[in-house]
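In what follows, a structure is listed as structure tokens, so that the remarks can point back to it.
The values are calculated or read from the model by the stated rules, or taken from the named source; none is laboratory data. Note that this is a predicted model, so its numbers are computed, not measured. So basically every Cβ, Gly included, is an ideal-geometry build from the backbone, and we count neighbours across all protein chains shown. Accessible surface areas use protein heavy atoms only, side chains included; no ligands, DNA or RNA. Shrake-Rupley method; radii C 1.70, N 1.55, O 1.52, S 1.80 Å.
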Amino acid sequence: MKEFHLLLFHGGSILPECILILGLILLLMIDLTSDQKDTPWLYFISLTSLVMSITVLLFRWREEPTISFLGNFQTSNFNKIFRFLILLCSTLCIPLSVEYIKCAEMAITEFLLFLLTAALGGMVLCGANDLVTIFVALECFSLCSYLLSGYTKRDVRSNEATMKYLLMGGASSSILVYGFSWLYGLSGGEIELQEVVNGLINTQMYNSPGILIALISITVGIGFKLSLVPFHQWTPDVYEGSPTPVVAFLSVTSKVAASALATRIFDIIFYFSSNEWHLLLEILAILSMILGNLIAITQTSMKRMLAYSSMSQIGYIIIGIIAGDSKNGYASMITYMLFYIFMNLGTFACIVLFGLRTGTDNIRDYAGLYTKDPFSAFSLALCLLSLGGIPPLAGFFGKLYLFWCGWQAGLYLLVSIGPFMSVISIYYYLKIIKLLMTERNKEITPHVQNYRGSPSSFISKNSIELSMIVCVTASTTLGIAMNPIIAIAQDTLF
């Protein structure tokens, strides 16, 4: 009865999550009661639950911050925007999966269940207000990620990727919990974030060596989720071996959820150790920007190249987290993250479509794609240019605002390295675009020469192209009209 009363009185704070849970229950009921799987209904229920969750979240945007469920969950504009970003990622990723699931003959219901459950775990993680809820939500997200990455069981590379992801993910989670245990002990047995801080003050342990151990352990655990160098070893293999729609989903949702977690933990619990965690994140951001971009140049696989590119992108986002003491710091991080979602998912939409038509992931095999599919080639080129930060695309304005906020916060070294690494990233993006646009018959591979759409998959192909159009449009136009986005982001301080 106690749990029922808690849900009755505090259920409004997690109404978007409750809608997702209802969608999950409906999916299970349809799967159990229907002999012949009604595929359109499964996709419709998944997308409807996500869209309804977004709608409810937006309608409750201006509500006062509240702490509910006996201090386990906090609702504020800050975590609402991260929950919105996770829902947006999930909504855009489902259309990418339609034809892929059909061609790979994957089980539809289980795929959608894992995807929605991962989104649910990420949303709870964004609002979790105590160490136990943080860990449970993180593991909910992580376990679904492991299952999704190994969903094509007959693919040896997928199995290898899942095993590496599972082992390294388990190790990072244990290190994270080790850091939490230090906080629990040093604070006198507190688990709520603000109570941990109060406990550290009461026990006068906020500057003790144990806090440094906790800081390093938690940074390692979060660094794994963010794919920060040197905790990135799992990323290239998981990107290359996992189903491409899954990679698209994980490449953005894991970063959104982990960024929300990092921002709240570092800013609240380690408030007295700000110099130490600033230094740690600066080192990780510099390593990620430099190594991510330099190694990406040498890659021959498109997905592996995007894996290393994503490491450099999170290095840029870290600038906003470090500069987050100012109002503009968090706004720049959130704004660039929104742009990154569209740029990255637009790129993966093109890769999904090309992979289904040709069965290859090699960068060299994209040569001459413009001659066969101008729309996909042009869309891919725009998304890559936006990732590189070419004006007047959204990526340019996002990076410009991010670097400007970093400079205002005194992060001169990071802001000096960031633009230089962006120029390097433009180099390997332009190499791909040059291949896309070539019309020389000698360079065009048989994959592109035999490239053709499948007439029987008109609807499913349109679903991929719908996501592609939305992402490409956002990647090209959002930067020009970014003032309202910045104003909303500035309103998300906790």
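A few notes on this one:
- Between helix 412-437 and the chain there is an angle of about 20 degrees, using the helix long axis and the longest principal axis of the Cα atoms.
- Label-point separation, T33 to L70 (7 Å along Cα→Cβ), nm: 3.5 nm
- Here the average projected area of the convex hull drawn through the C-alpha atoms of the stretch 203-319 stands at 7.1 nm².
- The stretch between L58 and D155 holds 30.9 nm of extra length on full extension. This uses 0.36 nm per residue minus the Cα-Cα distance.
- Of K164/K225; K303/K431; K399/K434, pairs whose Cα-Cα distance is over 18 Å: K399/K434
- Using the Cβ-Cβ distance between M163 and I25 with R0 = 25 Å, the FRET efficiency computed as 1/(1 + (r/R0)^6) comes to roughly 0.20.
- Length added when fully stretched, A487-I469, from 0.36 nm per residue minus Cα-Cα: 3.9 nm
- Cα long-axis angle, helix 39-59 against the chain (0 to 90 degrees, to the nearest 10): 40 degrees
- Given 10 as the ceiling on other Cβ atoms within 10 Å, longest exposed-site-free region of the chain for GluC sites (Glu not before Pro) in DSSP loops: 106-438
- Whole-percent carbon and sulfur share, accessible surface of the stretch 145-296, 1.4 Å: 64 percent
- Rolling a 1.4 Å probe across the protein heavy atoms gives the chain an accessible surface of 40 Å² per residue.
- Amide H contacts of F73: S68, N129, each under 5 Å away and 5 or more positions distant or on a separate chain (H built 1.01 Å from N in the peptide plane; Pro and chain starts excluded).
- Residues whose amide H lies under 5 Å from that of S208, counting only those 5 or more places away or on a different chain, are absent; hydrogens are built 1.01 Å from N in the peptide plane.
- Long-range Cα-Cα pairs in the stretch 37-183 (distance over 23 Å), rounded percent: 45 percent
- Rounded, prolate or oblate (a/c below 1.5 giving rounded, otherwise prolate when a/b exceeds b/c) for the stretch 261-311 by Cα gyration tensor: oblate
- Compared with the alpha-carbon gap, the fully stretched path from Y412 to Q194 is longer by 75.3 nm at 0.36 nm per residue.
- Approximate shape of the chain as ellipsoid semi-axes (Cα gyration tensor, √5λ), whole Å, largest first: 35, 28, 20
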